[in-house]
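Notes follow once the structure below has been shown.
The values are calculated or read from the model by the stated rules, or taken from the named source; none is laboratory data. Computed from a predicted structure; not experimentally measured. Here Cβ is always computed from backbone atoms with ideal geometry, including for glycine, and neighbour counts include all displayed protein chains. The area values use the complete protein model at the heavy-atom level, side chains included, leaving out ligands, DNA and RNA. Shrake-Rupley method; radii C 1.70, N 1.55, O 1.52, S 1.80 Å.
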Amino acid sequence: MEGLTALALAIALLGVGLWTLIVRRNLIWKLLGLNVASNGAILFLVALAHRPAARPPITGLGPGPSADPLPHALVLTAIVIDFATLALALVFVIVLTERRHTQDVRRLERDEEHGWPER
Amino acid sequence: MKPLAALTVLGLLVLLGLGASGLLPRPELPLPEHVAAAWGARNLVATIVLGVRLWDTLFEILIYAMTIVGVKLGLRPVRWEGAGPPVAETPLLRRAADLLLGPVVVFALYVATSGHLGPGGGFPAGALLGTGLLLALAKGVERLSAEVYEPTLEWVKYGAIVAILALTGVVLVLGRKGSPYLIAANLLMTVEVAIGAWVILHRFAKSRGEL
Amino acid sequence: MVVALLAALTLALAVFALTGRRLLWGVIGVGVHALALAGVYLFLAAPDVALTQAAVGFGLVTFIYLLAVRRTGKLTVAAVETPHLLYQENERVTGLEWEILSRFGEQLHRDVEVMWVPRAEIPALLRVGDAEIGAGALFPREGETLLLSRPVLPTRIVTVRCGPGPVGAVAGDQGQDFLPPGGILYEDHTALAHALRRGEVGAAVADLLHVREWGLSGEVSVLDTKDEEETAFRFALSPAEAGLQGALDAFLDELARSGELDKLVRRHVG
């Protein structure tokens, strides 16, 4: 039950996040969408590790099956790396805004088409 | 544009559903309980992160260190002229920061050192410590910059990476196993992640912010 | 059962955050969404992941966003590019309205930050408070409830016809109000000028400043019949910023009284 609910939630989060990532034109909003989408991907892996009536992957907690610890271990590093790459992406947006005075991707694309002005 | 976006999202979701349905086979793995017993640990996740997949973890930490180099190169610090500090300084905030900083550090150390027995480990402890250090921003960026000498922190961070590498050598080459290695690796990872988070937050606070 | 509730809360927070218009609420919504997600991980028998997600997703990510989007000490101007008035030159913004705004910012001790946005989005940005001043366009369009400053530069709405074909205008611009049925809307004046040169449209409704800059050899007819004081470039402000509007009007009055405004207009527009 928990596993199915979590899978549905993961897929919904991924959908909402990717939708924002594609449709919104502002780079900061795009990054927010990317953050939600990556949360969905992480939840997806954790939901796959879940088994019905599973206990946490710690020995000595009693009988019964435990959740698969391998996806948990992979996801643990992914969460921290997500934060670091998000910080880097925000830095790029800040530098871009300083130089081009916009966060609108269509305007940035058009600027590029017409050639970026000389420094 | 929008129909195309809907189609792309839908296609990705169908792929995910296929993966979740269990149609794809999963590889056989050694029982994690046996691995944990050999390491003298009870938390299977910590055993995998620090024992079985230590190289993996090490290189992810290296990615983390690289992104911090990127943040440092990209953000230029701004001198504050006329504008206030990024976090308004109030007596309440300063007192709360003084009161909370100690417990947060102690809790982070607890999470790090008990990570091989229960929930915890280097990554959450480092993130907790990094967030806790953010409380110190309430003192104001300028004063903080005077107190915390960033290059020293940087050297500690690279030192932690080298120490993790040495530990990896001991574990992988000499085949040593046991809970002391797990505790040491967890503490080193805490230092690494916390300093990284601190450097990123400090840089963002010192720059002007955008939009 | 609790899991289903938590999952619904997580999804609702994500949808609320991402479909909203105001950036600050979006950031906070995503932060709380990460905290609820940590609760879901607890029910999936993943306490390690839950602890990390709570510390990173709710703590670090939210703080870094708040630090990145904070606007303390800044005067954010949502603007569209207009020749002579407000335009980008290399990495700098310049023009008549820029001179006025940067002087106004100096008086308020705030850094002026110009952001190019589509014309149609300016009212929403002003309303939610993601920008303080709208500039570079003819405000307001019919139906827009914005506070306006005193006029900076009078102009006229004209239609310029270069050949046969439908009429084009810029979406959200005052010219849209004069667009006959069957007309085509473009995102900004650059796109409209391109369409006119390519022959996609035979005529365009725009203000005199843009039409003069395009340098077209066509027949120009004045559309609006209101007196000249009515149709003018002004700054727009959110209805909640009455204080800022007062300060800006006082500043503009002072500029006009000392003759500085005329000097600036002559230098930038000629």
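Give the stretch C:143-174 a look and list any residue that's part of a strand (DSSP E or B) and open to solvent by 60 Å² or more (accessible area, probe 1.4 Å), or say none. Quick ask: steps written out before the conclusion?
Restricting attention to the stretch C:143-174, the residues satisfying the condition of being part of a strand (DSSP E or B) are C:147-148, C:153-154, C:157-161, C:167-170.
Across the stretch C:143-174, the qualifying residues are C:Pro154, C:Arg161.
Looking at A:Leu13, is it at pLDDT 95 or above and either closer than 19 Å to C:Ala34 by Cα or open to solvent by 50 Å² or more (accessible area, probe 1.4 Å) (or both)?
yes
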Can you say whether A:Ala67 is in contact with a helix residue (DSSP H, G or I) (Cβ under 7 Å, 6 or more places away or on another chain) and either open to solvent by less than 10 Å² (accessible area, probe 1.4 Å) or at the interface with another protein chain (Cβ under 7 Å from one of its Cβ atoms) (or both), as far as the supplied structure shows? yes
First in the stretch C:37-53 and more than 18 Å from A:Arg51 (Cα to Cα) and in contact (Cβ under 8 Å) with a residue 60 or more places away in the chain, second anywhere and acidic (Asp, Glu) and in a loop (DSSP other than H, G, I, E, B), Cβ under 6 Å, 6 or more apart: none
May I ask you to list the residues in the stretch C:39-54 that are open to solvent by less than 20 Å² (accessible area, probe 1.4 Å), under 21 Å from B:Leu117 (Cβ atoms) and more than 7 Å from chain B (Cβ to nearest Cβ)? C:Tyr41, C:Leu44, C:Ala45, C:Ala46, C:Val49, C:Ala50, C:Gln53
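Going by the conditions given, is A:Leu48 at the interface with chain B (Cβ under 8 Å from one of its Cβ atoms), open to solvent by 40 Å² or more (accessible area, probe 1.4 Å) and touching a Gly at 6+ places or on another chain (Cβ under 9 Å)?
Spelling it out, A:Leu48 is indeed at the interface with chain B (Cβ under 8 Å from one of its Cβ atoms), open to solvent by 40 Å² or more (accessible area, probe 1.4 Å) and touching a Gly at 6+ places or on another chain (Cβ under 9 Å).
Let's see how each residue does on (1) within 21 Å of C:Leu138 (Cα to Cα); (2) hydroxyl-bearing (Ser, Thr, Tyr); (3) surrounded by 16 or more Cβ atoms within 10 Å (Cβ to Cβ):
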| position | (1), (2), (3) |
| --- | --- |
| C:Ala203 | yes, no, yes |
| C:Arg212 | yes, no, yes |
| C:Ser238 | yes, yes, yes |
| C:Gly259 | no, no, no |
Enumerate the helices (runs of 4 or more DSSP H) found wholly within the stretch C:55-141, keeping only those where 2 or more residues are away from chain B (no Cβ under 14 Å). C:96-108, C:122-128
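Could you list all residues from the stretch A:22-38 that are hydrophobic (A, V, I, L, M, F, W, C), more than 8 Å from every other protein chain (Cβ to nearest Cβ) and open to solvent by less than 50 Å² (accessible area, probe 1.4 Å)? Steps first, please.
Of all residues in the stretch A:22-38, those hydrophobic (A, V, I, L, M, F, W, C) come to A:22-23, A:27-29, A:31-32, A:34, A:36-37.
Checking which are more than 8 Å from every other protein chain (Cβ to nearest Cβ) leaves us with A:27, A:31, A:34, A:37.
Passing the criteria: A:Leu27, A:Leu31, A:Ala37.
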Taking interchain pairs and intrachain pairs at least six residues apart, which have beta carbon atoms under 9 angstrom, with the first residue in the stretch B:50-78 and in contact (Cβ under 8 Å) with a residue 60 or more places away in the chain and surrounded by 16 or more Cβ atoms within 10 Å (Cβ to Cβ) and the second among the basic types (Lys, Arg) and in a loop (DSSP other than H, G, I, E, B)? B:Gly51/B:Lys177
Can you name every residue in the stretch A:1-43 that is farther than 30 Å from C:Ala120 by Cβ and among the polar types (S, T, N, Q)? A:Thr5, A:Ser38, A:Asn39
Return a yes/no flag: does the stretch C:175-195 have any residue that is within 14 Å of another protein chain (Cβ to nearest Cβ), within 30 Å of C:Leu147 (Cβ to Cβ), surrounded by 20 or more Cβ atoms within 10 Å (Cβ to Cβ) and of a type in the set (Ser, Thr, Tyr). yes
So, in the stretch C:1-30, exactly how many residues are facing chain A (nearest Cβ under 10 Å), part of a helix (DSSP H, G or I) and under 29 Å from the mean Cα position of the chain (by Cα)? 11
Scan (1) at the interface with chain B (Cβ under 9 Å from one of its Cβ atoms); (2) surrounded by fewer than 19 Cβ atoms within 10 Å (Cβ to Cβ); (3) part of a helix (DSSP H, G or I) for the single condition A:Leu61 breaks and write down its number. (3)
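Taking the stretch C:76-122 on its own, how many of its residues are charged (D, E, K, R) and farther than 27 Å from A:Arg25 by Cα?
To start, the set of residues in the stretch C:76-122 that are charged (D, E, K, R) comprises C:81, C:89, C:91-92, C:97, C:99, C:103, C:106, C:110-111, C:113, C:119, C:121.
When the remaining residues are screened for being farther than 27 Å from A:Arg25 by Cα, the result is C:99, C:103, C:106, C:110.
Counting residues in the stretch C:76-122 that are charged (D, E, K, R) and farther than 27 Å from A:Arg25 by Cα gives 4.
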Which one of the conditions (1) at pLDDT 90 or above; (2) within 7 Å of another protein chain (Cβ to nearest Cβ) does A:Ala54 fail to meet, given that it meets all the rest? (1)
